[in-house]
Amino acid sequence: RIVISAAEVTKGNINDLEQLKELGVKSWTQFKDELTSENWNELFNSLNSYETYSDLLLKSECIICENDTKEVIGMAFLVPKGNPTKIYDGKWCHLRFVSVDPNHRGIGIGKKLTEICIELALKNNENIMALHTSEIMKSARHIYEKIGFKILKEIEPRLGIKYWLYIIDLNEIK
């Protein structure tokens, strides 16, 4: 059993690129059977691309959780406000790719990474944090809702499945 502690949670950087990519593929493979092969291939190609993670590393703060052998077993990216997308308002920061190694699920890593990103957003004077998640990510939705994220709206389906945009008002936490 891994105990989450400050020593195990740290900031990720470009030197972690290979492990971030491996974790992305490993953690999302659980959804392969819930997608069509075409949609899985699209997701896999994105997850298996160095560009996906290097782009995130350039514009966000990466928080990682490592086990005692320095293997990355959890990751999350906090993108600061000023980075609008089709989904996210430019006045919001947003959370991306909260991922946990399947062999280390159920011990609070995803929750801890999300909480650390909230703390970081508060330090950075962010007001609203957003994220998007889907109908197949039941445990992630449970964590986000328990922390205080609320569904703002349903967004355009991706990969053939339903997605929602969640937000949390950080001013209510301060």
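The values are calculated or read from the model by the stated rules, or taken from the named source; none is laboratory data. No experiment lies behind these values; they were computed from the predicted model shown. Every residue, glycine as well, gets a Cβ built from its backbone with ideal geometry; the counts of neighbours run over all protein chains shown. The accessibility values were calculated without ligands, DNA or RNA, using every heavy atom of the protein model including side chains. Shrake-Rupley method; radii C 1.70, N 1.55, O 1.52, S 1.80 Å.
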Helical mean residue ellipticity (222 nm; -39500 (n - 2.57) per DSSP H run of 4+; nearest 500) of the chain: -10000 deg cm²/dmol
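Report relative contact order for the stretch 81-132 in percent, whole number only (criteria: Cα-Cα under 8 Å, sequence separation at least 6).
Result for the stretch 81-132 is 42 percent.
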Contour excess over end-to-end distance, with Cα ends at Lys162 and Glu18 and 0.36 nm allotted per residue: 48.9 nm
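Counting every Cα pair in the stretch 128-174, what percent are over 15 Å apart? Walk me through the intermediate numbers first.
On the way: 438 of 1081 pairs.
The answer is 41 percent, as a whole percent.
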Apportionment of accessible area to carbon and sulfur, the chain, percent (1.4 Å): 48 percent
List His132, His142, ordered by accessible area with a 1.4 Å probe, largest first: His142, His132
Approximate spin-label separation Glu34-His142, in nm, with each point projected 7 Å along Cα-to-Cβ: 1.2 nm
Euclidean distance of C-alpha centroids, the stretch 37-59 and the stretch 76-96, integer Å: 17 Å
Potential extension, Asn41-Asn124 segment - 0.36 nm per residue separation minus Cα distance: 26.2 nm
Under 13 Å, Cβ to Cβ, from Ser49 - net charge with Lys/Arg +1 and Asp/Glu -1: -4
Glu172 versus Glu135: modelled label distance in nm, points set 7 Å from Cα along the beta carbon direction: 2.6 nm
In order through the stretch 118-135: 3J(HN,Hα) via Karplus (6.51 cos²θ - 1.76 cosθ + 1.60), integer Hz, x for Gly, Pro: 5, 4, 5, 4, 5, 4, 8, 6, 7, 10, 10, 10, 10, 7, 10, 8, 10, 5
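With a sphere of radius 14 Å drawn around the Cβ of Thr85, what net charge do the other residues whose Cβ falls strictly inside it have (Lys, Arg +1; Asp, Glu -1)?
Once all neighbours under 14 Å are counted, the net charge is +3.
Do the alpha carbons of any pairs in Lys91/Lys153; Lys91/Lys138; Lys26/Lys150 sit beyond 23 Å of each other, and which pairs?
From the list (Lys91/Lys153; Lys91/Lys138; Lys26/Lys150), the Cα-Cα distance tops 23 Å for Lys91/Lys138; Lys26/Lys150.
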Per-pair calculated FRET efficiency, R0 = 25 Å: Val25 and Asn83 via Cβ, rounded to 0.05: 0.55
For the stretch 111-174: accessible area per residue (Å², 1.4 Å): 54 Å²
Rule-of-thumb Rg ratio for the chain [Cα; 2.2 N^0.38 Å; N residues]: 0.98
Share of Cα-Cα pairs in the stretch 82-174 lying beyond 19 Å, as whole percent: 40 percent
Length-normalised contact order for the chain - Cα pairs under 8 Å, 6+ apart - percent: 20 percent
